[in-house]
Ligand code: G1P
Ligand code: ZN
């Protein structure tokens with residue numbers, strides 16, 4: 001075994017987006033592509049001697065091979081120890097949990113989240129820092145800058161090592177500890193939630209379907225929901241992680257988790273349905289014939305947080321991404337705690353959680369989490385709902401309806417125009433930005449614009465700033481339209497249009513969502529000339 005220094009040249013485009021570097025598998029398989037990025041990361045981190053890193057991924061195609069490459073590079077770069085999930089598996093929240101619990105320097109998570117997998121699908125790599133959360137932009141930008149000047153990388157020529165057996169091995173001078181990917185995470189969940197109450201719920205005949213979408217939440221949900229909580233075998237479906245997610249799109253929303261939605265709408269629907277994405281950080285909550293929007297889920301959990309032992313002392317604050325509905329703001333106000341509005345992406349929650357300013361966080365994109373780790377956490381949200389149902393004895397629909405009755409309802413929807421021409425998408429956004437200054441005061445389709453801007457953020461903890469985080473048009477009654485371009489896609493561009501309207505009157509809480517938002521949808525289309533600019537008369541996905 002020897003350490004090789006391999007000459008390389010910069011490969012353009014290695015700038016991480018909303019959540020790490022995400023590209024087609026074919027891009028990652030180009031010679032030196034992964035190696036250049038990993039070496040850029042190691043060079044940026046520096047001082048790796050004697051340090052511990054955590055390594056794992058969502059099990060998608062290319063995961064195992066990338067793990068071997070990264071292990072050999074870590075050994076060649078003097079890392080002291082790597083904790084790697086057995087079989088190369090670690091869900092994103094479990095990686096965050098392990099980094100924190102084992103006091104690692106950080107971790108490398110291999111995932112393209114909810115993007116499709118397989119040889120023609122997507123792959124991704126993300127670095128998380130010692131708090132367990134995604135690296136802030138200062139780090140990701142430094143890695144990117146390094147990738148633009150890199151001229152060599154270091155790698156051991158050792159043969160592949162066994163990552164399928166729990167135990168400790170030596171690779172060059174580096175220890176490789178293959179760990180059970182579920183154990184630390186399951187132990188944390190047990191401390192946060194009332195497992196006795198949930199066990200009683202299942203023992204009393206409560207039924208549930210958890211759709212793991214052939215992705216990484218499968219082993220976690222099996223071990224916790226069926227194993228520790230005693231739900232019947234078969235409660236978790238599509239539980240075995242597959243390299244191509246069974247050819248499906250592992251994104252837990254009503255469009256992609258159609259199997260679950262159909263089941264929940266049927267006559268024999270279970271009491272409770274849930275799904276999680278590729279790397280298990282997203283969640284969708286479904287009642288019988290009733291889907292819960294992620295924004296409402298955050299608000300409901302915040303309003304009822306004290307039912308769970310881990311949050312018995314109450315919450316210090318809530319943080320939500322800017323496009324997420326303001327349902328949580330009303331709860332924060334009632335609880336007398338602050339609600340922070342951050343740019344899109346979990347990385348912006350880290351400082352608030354570390355500083356103890358926020359306890360719960362959420363995004364409209366099926367992401368919910370808390371200060372227990374520094375990532376969003378799909379199964380955590382599902383266990384929180386189970387805890388809530390077990391304590392209140394109410395159905396999902398009853399819980400949400402009584403929440404709306406108390407706080408009012410924030411009708412909410414996101415319209416995605418996927419795979420549009422990137423040039424056209426940028427023109428649309430630039431045109432919108434030009435229009436912003438003149439929108440305030442204009443009357444549009446029963447609404448009057450209160451203000452319009454391009455969202456900028458100053459982190460209240462470290463003062464760092466983020467600009468151009470989404471164009472928002474806010475009406476005098478608080479209704480909003482937000483436009484932004486996705487930072488996670490790998491083909492063309494995706495325009496996201498977020499729509500929100502508040503309704504206090506309980507007699508108006510059962511209008512179909514798209515109907516309730518129809519006037520705003522029409523305004524959104526005409527202000528941005530969506531049809532003309534994108535050539536699409538309808539969104540490709542509505543959630
Ligand atoms: C999307 C979501 C965002 C989430 C991110 C990672 O990013 O919109 O809320 O944090 O995935 O899961 P986008 O593609 O919009 O940049
Ligand atoms: Zn994800």
Test set (1) under 22 Å from residue 364 (Cα atoms); (2) away from ligand 2 (no atom under 16 Å from the Cβ); (3) surrounded by fewer than 19 Cβ atoms within 10 Å (Cβ to Cβ) - residue 487 fails condition number: (2)
Residue within the range 192-208 that is farther than 21 Å from residue 126 by Cβ, touching a strand residue (DSSP E or B) at 6+ places or on another chain (Cβ under 9 Å), within 16 Å of ligand 2 (Cβ to nearest atom) and at pLDDT 95 or above present: no
Given (1) surrounded by fewer than 24 Cβ atoms within 10 Å (Cβ to Cβ); (2) away from ligand 1 (no atom under 16 Å from the Cβ); (3) not in a loop (DSSP other than H, G, I, E, B), index of the condition residue 127 fails: (2)
For residue 440: the one exception among (1) within 16 Å of ligand 1 (Cβ to nearest atom); (2) over 30 Å from residue 401 (Cα atoms); (3) assigned to a loop (DSSP other than H, G, I, E, B): (1)
Index of the failed condition, residue 370 passing every other in (1) surrounded by fewer than 24 Cβ atoms within 10 Å (Cβ to Cβ); (2) more than 25 Å from residue 454 (Cβ to Cβ); (3) touching a strand residue (DSSP E or B) at 6+ places or on another chain (Cβ under 8 Å): (1)
Subset of the range 21-59 that is assigned to a strand (DSSP E or B) and surrounded by 24 or more Cβ atoms within 10 Å (Cβ to Cβ) - its residue that is nearest to ligand 1 (Cβ to nearest atom): 21
Residue check for residue 4: in a helix (DSSP H, G or I) and at negative phi: no
Strands (runs of 3 or more DSSP E) contained in the range 135-189 and holding at least 2 residues over 30 Å from residue 376 (Cβ atoms) and touching a residue at least 40 places away in the same chain (Cβ under 8 Å): 152-156, 174-179
Among residues of the range 257-274, those that are touching a residue at least 40 places away in the same chain (Cβ under 8 Å) and part of a loop (DSSP other than H, G, I, E, B), counted: 3
Where residue 94 falls short, out of the listed (1) free of Cβ contacts under 8 Å to residues at least 60 places away in the same chain; (2) in a helix (DSSP H, G or I); (3) crowded, with 24+ Cβ neighbours inside 10 Å: (1)
Which numbered condition residue 223 fails, given (1) touching a residue at least 60 places away in the same chain (Cβ under 8 Å); (2) in a helix (DSSP H, G or I): (1)
The lone exception for residue 230 - which of (1) farther than 23 Å from residue 392 by Cα; (2) away from ligand 1 (no atom under 16 Å from the Cβ); (3) assigned to a loop (DSSP other than H, G, I, E, B) it fails: (1)
Residue match in the range 353-362 (condition: out of contact with any helix residue (DSSP H, G or I) (no Cβ under 9 Å at 6 or more places or on another chain) and surrounded by 22 or more Cβ atoms within 10 Å (Cβ to Cβ)): yes
Residues located in the range 465-484, provided they are surrounded by 19 or more Cβ atoms within 10 Å (Cβ to Cβ), away from ligand 1 (no atom under 16 Å from the Cβ) and not in a strand (DSSP E or B): 479
Count of the range 443-464 residues which are part of a strand (DSSP E or B) and surrounded by 12 or more Cβ atoms within 10 Å (Cβ to Cβ): 10
Hey, residue 85 crowded, with 24+ Cβ neighbours inside 10 Å, closer than 30 Å to residue 458 by Cα and either out of contact with any helix residue (DSSP H, G or I) (no Cβ under 7 Å at 6 or more places or on another chain) or modelled with pLDDT of 95 or more (or both) or not: no
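The values are calculated or read from the model by the stated rules, or taken from the named source; none is laboratory data. Since the structure is predicted, the reported quantities are computational estimates derived from the model, not experimental observations. All Cβ positions, glycine included, derive from the backbone under ideal geometry; neighbour counts span all protein chains shown.
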